[in-house]
């Protein structure tokens with residue numbers, strides 16, 4: 001799977017770790033930055049790059065890391081076609097894909113450590129959207145909301 005990954009200064013170290021992990025487990029990784037540790041960088045810049053990579057279909061999934069994961073999620077969800085969520089447990093990471101077709105995982109590097117982040121990432125990239133009728137119906141309503149928004 002092709003995964004685009006990004007982080008601000010708060011998630012930079014964890015991003016480097018997860019990118020290596022993803023590559024070692026057979027995934028193609030696109031690094032959307034940051035490419036160096038810059039204490040004054042801003043998470044929306046990297047969240048947009050990750051979200052654009054997924055929305056354009058250049059990557060099947062995205063991972064965005066900041067200090068808490070919250071800002072990354074808020075920013076990524078501003079891009080049409082992106083369904084991003086903060087997940088700090090494996091259940092939410094796979095269930096978000098299976099039920100809600102989540103395509104961007106947001107992590108808080110100040111919330112989860114490396115081992116748990118790898119487990120969450122594995123759950124996210126290995127999950128598949130179920131396509132069950134109830135999930136299609138609900139996703140359709142979400143997509144209608146996106147289409148009808150004032151953006």
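The values are calculated or read from the model by the stated rules, or taken from the named source; none is laboratory data. All figures in this text were calculated on a predicted structure; none of them were measured in a lab. Note that each Cβ is placed from the backbone with ideal geometry, even for glycine, and that neighbours are counted across all protein chains shown.
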*Find the residue count for the range 17-26, including only residues that are more than 15 Å from the chain's Cα centre (by Cα) and either surrounded by 16 or more Cβ atoms within 10 Å (Cβ to Cβ) or under 14 Å from residue 109 (Cβ atoms) (or both).*
2
_If I filter the range 142-149 for residues that are touching a helix residue (DSSP H, G or I) at 6+ places or on another chain (Cβ under 8 Å), farther than 18 Å from residue 21 by Cβ, at pLDDT below 95 and surrounded by fewer than 19 Cβ atoms within 10 Å (Cβ to Cβ), do I get at least one hit?_
yes
*Give the range 11-33 a look and list any residue that's under 12 Å from residue 125 (Cβ atoms) and in contact (Cβ under 8 Å) with a residue 40 or more places away in the chain, or say none.*
18, 21, 22, 25, 27
